Amino acid sequence: MKYIFAVLLVLVGAVSFVGIVVAEEVPVEARQQVESYYAALKKEDLDKAKSLFTPSAELNMTWKYGNELPDESLTLTIHELEQVLKPEVLAEMPELMKGYKELSRTSEITSANTDKEQVVIVGQQTIRYQITYENSPWEGEAKENDTFTLIKEKGEWKISELKSVTDYQ
């Protein structure tokens, strides 16, 4: 009986191994799109970042502040984001961001999966920042977890959905 159990374990292991080998590889081009997105954010190149999305892409963003402050969430399409990023709106940003300074931003892809229709890539950013209020600087670190869904559009991988949670706690 113990030999039958051992044979079953070997067979299960072999089937699992074959499943891993047969599993579809994540296309390099899809990974490169996510890496390009992170690079564009680091350079503050919003036009480049927007160009990586499909025209109908949806962005779901959540910010967790902690200290008993409520979370904030925003869902919008890439078209709506373009409206938010118009020059007249951006002109107000320096006043809104007064006292905030980003010190560094790092990113990494933590997982990637694919099927025939889409690629899902999970990444994480670490953002070090400084906030100065009344001449008193404070430094902190935020973790941003991103889940990208990419599809092929006109032969090129594009981001069709981004779910992003930034945790300042």
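Since every read-out is calculated from the coordinates, none of them should be taken as a lab result. Note that the structure is predicted; figures quoted are calculated from it, not measured. Positions of Cβ are backbone-derived with ideal geometry, glycine not excepted, and every protein chain shown enters the neighbour counts.
Lys98: outside any strand (DSSP E or B) and free of Cβ contacts under 8 Å to residues at least 24 places away in the same chain, yes or no? Before the answer, list the steps.
Numbers: outside any strand (DSSP E or B): yes; free of Cβ contacts under 8 Å to residues at least 24 places away in the same chain: yes.
Yes: the conditions hold for Lys98.
Looking at the range 140-169, which of its residues are over 26 Å from Asn67 (Cα atoms), surrounded by fewer than 18 Cβ atoms within 10 Å (Cβ to Cβ), in contact with a strand residue (DSSP E or B) (Cβ under 6 Å, 6 or more places away or on another chain) and of a type in the set (Asp, Glu)?
Across the range 140-169, the qualifying residue is only Glu153.
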